[in-house]
Amino acid sequence: MGKLPDDVFGFQPQTITIFSGQTVRWTNVSPAFVLPHTVTRTDADGPFPGAGPEFDSGFVPFGQSFTRTFTVPPGLPGATVFNYHCTSHTTPLDLGMRGRIVVVANPTSCTATLTGAQEVPPVATLASGSATFTLNPTLMTLTYSVTTTGIVNPILIAGTASHIHQAPAGVVGPIILPLEGGPTHWSGTTAALTPEQVTALTSEGLYVNVHTVENPGGEIRGQIQCTQ
């Protein structure tokens with residue numbers, strides 16, 4: 001923060017995007033004779049959901065810094081915005097010394113281990129599989145990778161399709177998301193999940209399975225478990 005190369009006062013970069021829990025450091029690079037800057041947020045800067053309490057660094061002299069950690073409050077999906085300003089340089093003459101921090105919720109990582117025993121009814125098979133998923137908290141999409149192993153008869157138990165279904169363990173549920181790829185590996189990014197589907201995802205209410213010619217209802221299945 002300070003007097004920038006184009007001879008105006010400002011924050012550089014003016015807008016940054018960070019993950020929840022990261023810390024931002026502002027350093028005053030203005031010449032010592034310039035009035036010290038502040039990093040200040042008030043409700044007048046924009047009452048965005050989850051923007052949290054007001055904060056004020058006080059005057060930050062040349063060469064010194066101010067740091068603050070930003071988080072997305074629990075229960076607030078996606079992202080929130082913190083607008084802020086310098087109390088000394090907000091007039092039109094200064095072009096408005098203002099900045100913005102976009103705080104994005106941390107990605108949610110999920111895994112599943114696929115076996116025939118988890119299918120309903122259970123399937124006796126030598127096939128198995130593993131899957132990883134990452135939930136984009138802003139777009140609410142899932143990036144996925146599903147891999148099967150133990151294919152001893154490619155004609156019968158090579159995967160014909162893979163889907164994400166919605167249901168708890170031990171229950172057959174409807175398909176909500178088709179996956180791209182096959183016959184032994186599927187990868188890509190899904191369409192956006194609904195809020196209800198995100199809730200199901202994070203509470204072990206979704207599962208992934210692989211279908212085959214021999215078992216069109218599902219050869220192997222795994223309940224999706226998530227951590228953040």
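Side notes on the structure shown:
- By the rule of a second cysteine Cβ within less than 4.7 angstrom, the chain holds isolated cysteines at C86.
- Of Y84, Y207, the sequence from fewest to most neighbouring Cβ atoms within 10 angstrom is Y84, Y207.
- When Rg and Dmax are taken over the Cα atoms of the stretch 91-140, they come to 23.5, 76 Å.
- Modelled FRET efficiency - R0 45 Å, E54 with T113, Cβ distances, 0.05 increments: 0.45
- MRE, 222 nm, helices only [DSSP H, n ≥ 4, -39500 (n - 2.57), over the chain, to nearest 500]: -1000 deg cm²/dmol
- 25 °C / 0.890 mPa s Stokes-Einstein diffusion coefficient of the stretch 108-227, Kirkwood radius on C-alpha pairs, µm²/s: 176
- Over the chain, relative contact order from alpha-carbon pairs under 8 Å, at least 6 apart, %: 17
- Taking Lys and Arg as +1 and Asp and Glu as -1, the other residues whose beta-carbon sits under 14 Å from that of A117 total -1.
Every number in this text was worked out from the coordinates using simple rules, so none of it is lab data. Quick caveat, the model's predicted, so the values are computed rather than measured. When we count neighbours, we look across all protein chains shown, and the Cβ atoms used for this are built from the backbone with ideal geometry, even at glycine.
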